[in-house]
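Here the structure comes first, spelled out in structure tokens, and everything after it is commentary.
The values are calculated or read from the model by the stated rules, or taken from the named source; none is laboratory data. As the structure is a computational prediction, the values presented were derived from the model and not from experiment. Positions of Cβ are backbone-derived with ideal geometry, glycine not excepted, and every protein chain shown enters the neighbour counts. For accessibility, only protein heavy atoms count, side chains too; no ligands or nucleic acids. Shrake-Rupley method; radii C 1.70, N 1.55, O 1.52, S 1.80 Å.
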Amino acid sequence: MSAIVRGAQLARMLNAWQVAVGVRGPGGRRPEYVVLATAVRGLLIDGRLALGVRLPAERELAVSLGISRTTVTAAYRELRESGHLSSRRGAGSWTALPAGHRVGTSGLWTPSDDPGLIDLGCAAMPAPPELTQAAAEAVAGLDPYLGGPGYQPIGLLVLREAIAERYTERGLPTEPDQVMITGGVQQALDLLLRLLVAPGQRALVETPTYPNALSAFTAGRARVSAYAIGPDGWDEDLLLSTVRAAQARVAYLIPDFHNPTGHLMPATLRERLPSAAHAAGTDLIIDESFVDLALDSCTEAAMPPAVASFDRTARVLTIGGMSKPYWGGLRIGWVRGPAPLIARLAAARVGIDMASPVLDQLVATRLLQRRETIVNARRKQLMVQRDTLAAALRADLPDWRFVLPHGGMVLWVELDAPVSSALARSAEELGVRVAPGPRFGADGTMERFMRLPYTLPEADLVEAVRRLAAARADLDRPRRHAWSTPVVVA
Ligand SMILES: Cc1ncc(COP(=O)(O)O)c(C=O)c1O
């Protein structure tokens, strides 16, 4: 069953969108049905309305918008003609994209070796200074492991204990046998999909979302349905009704400083999600990659509880890892879930890579012992860099809009026009690499957005914005663009 948007919900989105981009404008010459069709198309292209969503019946939308049904009928016809709506007589109308629409490619991991290139494709920081000492201690502590075979599919007990303890501190009592160590959060997601989702089964994702998660769903041949996150974050009722209607096998959500929008899911929605998922037969995969990176007054103590703390029916599988607060090069992540499922995951993992490296797990354990020092330094640095990036954007590109996130590593910027892919190409020629909005759309929409991480030093961020402004100014001049290497997205 596909997701449905109700008349009142669509009316709310249309109003917000029209205010945001000024569709109504002063001219008011265009027929009302054209304005309505343009607004719906805008929602779709911007990714605020997901693909494959059933629109309200014409009569219902007319009532919600306070306009005549004839206007809605004409707008739907216009949308059908432009390929943005497909209808089946008596069944309804679903959002679509015209044939030939270019869908954003998945993120490929292609780090650049061009020293002049400022790479904003990747939201990740260099290793913390404590890593060298942690590695030396890990080598010194290797001895007790050398007498064994070194294969531990579930992961080293010391590391699982440290992770379980951290969940318990956060108010989510956890035993070490509820934790399995993986090769990064990406492998955690991949393993869960292998275990839980058969090819052809449905998976629900947010749009926009983390592109490499989309790649994992594609690799698992899941049928992906999307829930569109709005400018203010999740619309509680719409998300819950989408979960109920989609009846997906899994739903993948990033509630903590969502990548790329930066939103933090409120506690009320966290509390309601697990029971809605249970009723729909859906397991929730909750990606907590950024949970440690609360900024400003949004301190750790002020963070809403983990979604799993509201789970009464073993429906929530939490994935997390070292990459964002510590270092991506460690390739250490984990799954937290019911112990029997963790045992099944460990068994499945044997057919893939057997186990995570012992030494890397020992390094991770040592880093976690220095958690407070490392994470506090990260947060301070990220706050300064975020504010520098924001100030540079306000100065050089005043028509771009964004909401300053209270955590995480990225700004999700709304451009002055739907030109994100073209701008990314043009910017690369000027020596700055960015991930255009369509990378994050489940369906190649999001042309009006761009993700800008604030993980580089301040001087690089200022220079990157200067180059982006030059690229934006260049964009309307006729010239030939060529794709070079694909954008790094992380
Ligand atoms: C939301 C999210 N999940 C997962 C990952 C991948 O993490 P890892 O490097 O631990 O595999 C990232 C990396 O950017 C991310 O942003």
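Assorted remarks:
- Looking across the range 239-259, the residues that are among the hydrophobic types (A, V, I, L, M, F, W, C), closer than 18 Å to Ala308 by Cα and part of a loop (DSSP other than H, G, I, E, B) come down to Ile254, Phe257.
- Here Val350, Val413, Val335 are screened, and the one residue that is surrounded by 16 or more Cβ atoms within 10 Å (Cβ to Cβ), among the β-branched types (Val, Ile, Thr) and over 20 Å from Leu120 (Cα atoms) is Val335.
- The one condition from (1) in contact with an Asp or Glu (Cβ under 8 Å, 6 or more places away or on another chain); (2) under 18 Å from Trp234 (Cβ atoms); (3) not charged (D, E, K, R) that Leu330 does not meet is (2).
- Subset of the range 34-82 (residues that are part of a helix (DSSP H, G or I) and of a type in the set (Val, Ile, Thr)): Val34, Val35, Thr38, Val40, Ile45, Val63, Thr70, Thr71, Val72, Thr73
- Inspection of the range 223-234 finds a residue satisfying the criterion of being on the phi > 0 side of the Ramachandran plot, at pLDDT 95 or above and open to solvent by less than 50 Å² (accessible area, probe 1.4 Å).
- In the range 121-138, the residues that are out of contact with any Lys or Arg (no Cβ under 6 Å at 6 or more places or on another chain) and either surrounded by 12 or more Cβ atoms within 10 Å (Cβ to Cβ) or in a loop (DSSP other than H, G, I, E, B) (or both): Cys122, Ala123, Ala124, Met125, Pro126, Ala127, Pro128, Pro129, Leu131, Gln133, Ala135, Ala136
- Within the range 117-143, residues that are in contact (Cβ under 8 Å) with a residue 12 or more places away in the chain have Cβ atoms under 7 Å from residues that are within 14 Å of the ligand (Cβ to nearest atom) and open to solvent by 50 Å² or more (accessible area, probe 1.4 Å) in these pairs: Ala127/Trp327; Pro128/Trp327; Leu131/Trp327, counting only partners at least 6 apart in sequence or on another chain.
- Among the residues of the range 83-92, those identified as in a loop (DSSP other than H, G, I, E, B) and either at pLDDT 90 or above or closer than 22 Å to Ala8 by Cβ (or both) are His84, Ala91.
- Scanning the range 139-157 for residues that are over 30 Å from the mean Cα position of the chain (by Cα) and either part of a loop (DSSP other than H, G, I, E, B) or crowded, with 17+ Cβ neighbours inside 10 Å (or both) turns up Gly141, Leu142, Gly147, Gly148, Pro149, Gly150, Tyr151, Gln152.
- Leading residue by the ranking (surrounded by the most Cβ atoms within 10 Å (Cβ to Cβ)) among those in the range 416-467 that are under 30 Å from Ser225 (Cα atoms) and basic (Lys, Arg): Arg439
- Looking only at residues of the range 187-219 that are open to solvent by 30 Å² or more (accessible area, probe 1.4 Å) and in contact with a Lys or Arg (Cβ under 7 Å, 6 or more places away or on another chain), we find that the one that is nearest to the ligand (Cβ to nearest atom) is Leu195.
- Any hit, the range 298-311, residues being under 27 Å from Pro438 (Cα atoms) and either at pLDDT 95 or above or away from the ligand (no atom under 13 Å from the Cβ) (or both): no
- Residue pairs meeting the criteria (Cβ under 6 Å; at least 6 apart or on separate chains; first among the aromatic types (Phe, Trp, Tyr), in the range 152-172; second surrounded by 17 or more Cβ atoms within 10 Å (Cβ to Cβ)): Tyr167/Thr174
- Restricting attention to the range 49-67, the residues that are polar (S, T, N, Q) and surrounded by fewer than 17 Cβ atoms within 10 Å (Cβ to Cβ) total 0.
- Counted residues, the range 298-329 - those being assigned to a loop (DSSP other than H, G, I, E, B), more than 20 Å from Cys122 (Cα to Cα) and open to solvent by 40 Å² or more (accessible area, probe 1.4 Å): 6
- Set side by side, the residues Arg378, Arg394, Arg366 differ, and just one is charged (D, E, K, R), in a helix (DSSP H, G or I), on the phi < 0 side of the Ramachandran plot and open to solvent by less than 50 Å² (accessible area, probe 1.4 Å), which is Arg378.
- The range 277-297, subset more than 19 Å from Leu382 (Cβ to Cβ) and away from the ligand (no atom under 16 Å from the Cβ), residue surrounded by the fewest Cβ atoms within 10 Å (Cβ to Cβ): Gly281
- Index of the failed condition, Gly262 passing every other in (1) within 12 Å of the ligand (Cβ to nearest atom); (2) surrounded by fewer than 21 Cβ atoms within 10 Å (Cβ to Cβ); (3) on the phi > 0 side of the Ramachandran plot: (2)
- Pick from the range 265-276, criterion open to solvent by less than 20 Å² (accessible area, probe 1.4 Å) and of a type outside the set (A, V, I, L, M, F, W, C), ranking: nearest to Met450 (Cα to Cα): Arg270
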